[in-house]
Each structure stands twice: as structure tokens, then as C-alpha cells.
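A.B. asks: Provided herewith is a single structure, encoded as C-alpha cells, for subsequent inquiry.
The values are calculated or read from the model by the stated rules, or taken from the named source; none is laboratory data. Just so we're clear, the structure is a prediction, and the values are computed from it rather than from any experiment. We place every Cβ from the backbone using ideal geometry, glycine too, and count neighbours over all the protein chains shown. Side chains included, ligands, DNA and RNA excluded: accessible areas come from the protein's heavy atoms. Shrake-Rupley method; radii C 1.70, N 1.55, O 1.52, S 1.80 Å.
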Amino acid sequence: MSSGQEMSTLRELEQKARGSDIEISARVCLNMSHFKATMRELRKVDDNIILRMNSTNTASTEECLALFRVLQTAYARREHDISYCLGVLNQKLAESPKSFLLESQRDWIDNEKSVEDIVRKRSLDVFNSRCKYFDFPADFEDFIQRK
């Protein structure tokens, strides 16, 4: 793969990680099918990590850092969206405290934090196995330890 194609692919991956074309709103948070589809789309970066690692020069600190930053962006976006939706559902529950449906939705979205931990661990295990000499930035270590 030429350097131009490699960079184009990395740019596309960065765009997917940001999810700038994916809407998150109260409407999405209150529609579980839509929320699931949104999370599935945002997790494509992680789903394709092995393929991406096969086309990354893992001996290059710069290439590992570039891919790592894409993962970090994806993690932050998904964490933001999960927290946002939890806030929306908590607000709706404050207005209708006895809503079993809203409680179920909130619990389901809260469970997404555990799913996110699993997805993140799997991706980082693959990343670490290939970019063996890459040291995570301190701000990321703090991000990972945050619960």
C-alpha cells in the first residue's frame, strides 16, 4: 500500500472515530434501536483493529501513535455519548420516576459502560501485541483508569 493510500485510510479511520456524521440527541437516547445502531457504527473502528494493525508499520512509533490517537478519539466519543444518554434518561426519570420503560432503558445504557470496557480491552490487547514498544501517554493512562 502506498503512503498516500495509507494516509487516506488513516484519515477515514479518524473520521469514523470522531463519528462527526453520527447524531447523538435525546431522540437517539430514547430510542433503543437507534442507540444500539449508533454504538455499533461507532465501534467499527475497534471491530477493524486487526485489519488496521496488519497495514500499520508497528515498528514505527509515529504510526502506532497515529493509530492510538484514533482509538483514543473513538473511546472518548463513545464515553461521551453513553454519559450524555444516561443524563437524558436520568432527567426523564426525574420527570416520571415510576416509568419502568425509562428505568430499563437507563439500566441498559448504563450496562453499555461495561460493554465499552470489554471492547476497549480487546482493542488495546491487539494494539499492545503489535505495537509492543509504544508507551501510552500519561493522559490516556488517566483516561483508562477513570470509571
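Residue by residue, here is whether (1) of a type in the set (A, V, I, L, M); (2) touching a residue at least 24 places away in the same chain (Cβ under 8 Å); (3) surrounded by fewer than 18 Cβ atoms within 10 Å (Cβ to Cβ) holds:
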{"site": "S60", "(1), (2), (3)": "no, no, yes"}
{"site": "A76", "(1), (2), (3)": "yes, yes, yes"}
{"site": "L101", "(1), (2), (3)": "yes, no, yes"}
{"site": "W108", "(1), (2), (3)": "no, yes, yes"}
{"site": "N111", "(1), (2), (3)": "no, no, yes"}
{"site": "S114", "(1), (2), (3)": "no, no, yes"}
{"site": "L124", "(1), (2), (3)": "yes, yes, no"}
{"site": "N128", "(1), (2), (3)": "no, no, yes"}
{"site": "Y133", "(1), (2), (3)": "no, yes, yes"}
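A.B. asks: Yes or no: segment 29-37 includes at least one residue that is exposed (fewer than 13 other Cβ atoms within 10 Å of the Cβ), polar (S, T, N, Q) and more than 23 Å from F140 (Cβ to Cβ).
C.D. replies: Yes, segment 29-37 contains at least one residue that is exposed (fewer than 13 other Cβ atoms within 10 Å of the Cβ), polar (S, T, N, Q) and more than 23 Å from F140 (Cβ to Cβ).
A.B. asks: A138 is checked against (1) in contact with a helix residue (DSSP H, G or I) (Cβ under 6 Å, 6 or more places away or on another chain); (2) open to solvent by 50 Å² or more (accessible area, probe 1.4 Å) and fails just one. What number does that condition carry?
C.D. replies: Single failed check for A138: (1).
A.B. asks: For segment 11-125, please list each of the helices (runs of 4 or more DSSP H) lying entirely inside it that holds at least 1 residues being among the charged types (D, E, K, R) and more than 16 Å from the chain's Cα centre (by Cα).
C.D. replies: Those helices (runs of 4 or more DSSP H) span 26-30, 61-95.
A.B. asks: Right, next: Any idea which of (1) open to solvent by 40 Å² or more (accessible area, probe 1.4 Å); (2) touching a Cys at 6+ places or on another chain (Cβ under 6 Å) is the one N54 doesn't satisfy?
C.D. replies: The number of the failed condition is (2).
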